[in-house]
């Protein structure tokens, strides 16, 4: 094989990766369009497009812009956030099982939100921008505890230990959460139980305004660090040999992952599996290069959650099944299928 | 020259290496030999700044190693750890391209120079025909060459290798050793490696360092280091040393384990 052939193969591969990203992007647009059509009031794709162009009826505009679009955007952002968070965690821990839900970061974030809710008299009066801050605090503290407990001085961060510590901490936090939930008044209890099952509760435009810049910022940060994530996947010793300041970089990456998970959790509660499955699917489609893996995970996470939320709110309309439950019902068997096909 | 001054290396509170003063010549192949648990890997890791000594200094060309930033060091020395693993699906080309990391900035993609280096390394290690194959699809020897190519594109004068041939069969061992020899002779790279096979060490290295319990027992050319008394004290074996008729290098033919008391005595004699 000569140099020209390798160059050609590499170019072809790059083109293929961009093509996959483009297809995923169109799938996401399609899923969003489908989600806009679906609901209590049925709208045809034609009507949706007409309304977007400002030619629909006032009622159609109201349904689309005030009720559906914002919720769909939130679902997409949450899905993308959780997926990229999982992608980063899997990268730094070199463990395909890492996910913000499994290692307790979402639970930690949720716990802080609940503590906060418990001290607030009226749930509906909670300022939108405060919830992400509390969620981030909770997530960050949990991540810090897991990091400290799974770190060994001469061996660094041990991937298996990280997962086991995370699972144990998630279990402990869940217990703590139950205790707290039992002491809430009925109205708060309802809010929390809906929140815990992973519903998109923050679906107004004000949530989009808070969430969008946060998720975008963190995803761009993850892309910025994509080369570093590639190098980290070769192990601690090689990364150090390449001149990576491991501790510093790992903490930055962990902070990005926590930021993404916490922002998502603050409007959606405990949605599991997206952070686990989306990066797996992305890796199968596009390979282990993080420059492509990160955006592919984000797109797949977005698609998953938009679809899950749409199914959840239409299948037994006018009642709803929480998106988190839909993802779990579809995601768990799919994950088992993936496991049965991998050699590890 | 790479040299150390009164190096003490600890795992947690246990001292593994104490008062190490060792000197490694530039431009040559140096083999660290010693029994399992002698601390040779630890010393290699410390020399390549993967581990921090708790006391003492390391100098490369007279410059203090730990005074330089880790990025600066990455342009002077590359390290290939024992039994490295790559993520599934990563191709040889991609793996080798990662070696350019110390020379790249931020999100920039591979420059023309980066690509040139990668092609050169693939060619010089003889794996260019496998460039688009996933790492896991290669044989052990080819895989090790891919890792060596990755270390090569880092463009460092010095390459550290921790047991580069341990998991390979004999043919692949010789292939890898020949490659390292070629890199030393033709590309002027300084090679420092931990080697298990003494006869390989003697055949390929210009300089040997024999280590026991974190102490340097002897250093020098293979003929100076490979002696019956050293093998007795370092490895606890009785061996005949003969001269390889092809290379003129010493070969060891172990024939028995020696008695524990004798080892102790011999150790004292050598020290």
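Residue A:296 meets the conditions (1) buried (at least 24 other Cβ atoms within 10 Å of the Cβ); (2) within 14 Å of another protein chain (Cβ to nearest Cβ); (3) not in a helix (DSSP H, G or I) in every case but one. The failed one is (3).
Comparison of A:180, A:184, A:164, A:176 shows that the only residue that is at pLDDT 75 or above, surrounded by fewer than 18 Cβ atoms within 10 Å (Cβ to Cβ) and in a loop (DSSP other than H, G, I, E, B) is A:184.
Residue A:276 falls short of the stated requirement of being in a helix (DSSP H, G or I), touching a residue at least 60 places away in the same chain (Cβ under 8 Å) and under 18 Å from residue A:28 (Cα atoms). Exactly one residue out of B:12, B:6 is in the same structural domain as residue B:223 (by TED's automatic domain parsing), surrounded by fewer than 23 Cβ atoms within 10 Å (Cβ to Cβ) and out of contact with any strand residue (DSSP E or B) (no Cβ under 8 Å at 6 or more places or on another chain), and it is B:12. Count of the stretch B:42-76 residues, restricted to those that are modelled with pLDDT of 90 or more, out of contact with any helix residue (DSSP H, G or I) (no Cβ under 7 Å at 6 or more places or on another chain) and facing chain A (nearest Cβ under 8 Å), is 1. Residue by residue through the stretch A:306-321, note down the ones that are over 15 Å from residue A:36 (Cβ atoms) and touching a helix residue (DSSP H, G or I) at 6+ places or on another chain (Cβ under 6 Å). Those that are over 15 Å from residue A:36 (Cβ atoms) and touching a helix residue (DSSP H, G or I) at 6+ places or on another chain (Cβ under 6 Å): A:308, A:312, A:320, A:321. So which of B:89, B:99, B:39, B:62 ends up being surrounded by fewer than 20 Cβ atoms within 10 Å (Cβ to Cβ) and within 30 Å of residue B:139 (Cα to Cα)? Exactly one of B:89, B:99, B:39, B:62 is surrounded by fewer than 20 Cβ atoms within 10 Å (Cβ to Cβ) and within 30 Å of residue B:139 (Cα to Cα), namely B:89.
Considering only the stretch A:1-64, give the helices (runs of 4 or more DSSP H) lying wholly within it that have at least 2 residues that are under 24 Å from residue A:307 (Cβ atoms) and touching a residue at least 24 places away in the same chain (Cβ under 8 Å).
Filter on the stretch A:1-64 gives A:3-37.
Taking each residue of the stretch A:332-344 that is over 20 Å from residue A:94 (Cα atoms) and looking for partners that are modelled with pLDDT of 80 or more with beta-carbon atoms closer than 9 Å, six or more apart or interchain, yields A:332/A:273; A:334/A:273; A:334/A:277; A:334/A:281. On the basis of being over 28 Å from residue A:318 (Cβ atoms) and loosely packed, with under 14 Cβ neighbours inside 10 Å, does residue A:115 make the cut? Taking the combined requirement at face value, the residue does not satisfy it. Residue by residue through the stretch A:218-230, note down the ones that are over 14 Å from the mean Cα position of the chain (by Cα) and either surrounded by fewer than 18 Cβ atoms within 10 Å (Cβ to Cβ) or in a helix (DSSP H, G or I) (or both). Matches in the stretch A:218-230: A:220, A:221, A:223, A:224, A:226, A:227, A:228, A:229, A:230. Taking residue B:79, is it within 30 Å of residue B:14 (Cβ to Cβ), more than 8 Å from every other protein chain (Cβ to nearest Cβ) and in contact with a helix residue (DSSP H, G or I) (Cβ under 6 Å, 6 or more places away or on another chain)? The answer is no for residue B:79.
Screening the stretch A:149-161 for residues that are away from chain B (no Cβ under 14 Å) and farther than 21 Å from residue A:272 by Cβ and picking the one that is surrounded by the fewest Cβ atoms within 10 Å (Cβ to Cβ) gives A:149.
Against the condition loosely packed, with under 13 Cβ neighbours inside 10 Å, within 22 Å of the chain's Cα centre (by Cα) and away from every other protein chain (no Cβ under 14 Å), how does residue A:22 come out, does it pass? Taking the combined requirement at face value, the residue satisfies it.
Condition check ((1) buried (at least 20 other Cβ atoms within 10 Å of the Cβ); (2) away from chain B (no Cβ under 14 Å)) across all residues:
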site	(1), (2)
A:232	yes, no
A:241	yes, no
A:248	no, no
A:251	no, yes
A:254	yes, yes
A:261	yes, yes
A:267	yes, yes
A:279	yes, no
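Of all residues in the stretch B:100-128, those being more than 24 Å from residue A:243 (Cα to Cα) and more than 9 Å from chain A (Cβ to nearest Cβ) number 3.
Of the set (1) touching a residue at least 12 places away in the same chain (Cβ under 8 Å); (2) not in a helix (DSSP H, G or I), all apply to residue A:80 but (2).
Inside the stretch B:129-147, residues that are part of a loop (DSSP other than H, G, I, E, B) and more than 9 Å from chain A (Cβ to nearest Cβ) make up a count of 3. Counting only residues that are over 12 Å from residue A:108 (Cα atoms) and in contact with a helix residue (DSSP H, G or I) (Cβ under 7 Å, 6 or more places away or on another chain), the stretch A:130-162 holds 9 of them.
The values are calculated or read from the model by the stated rules, or taken from the named source; none is laboratory data. The model shown is predicted, which means the values in this text are computed figures rather than measured ones. Note that we place each Cβ from the backbone using ideal geometry, even for glycine, and neighbour counts take in every protein chain shown.
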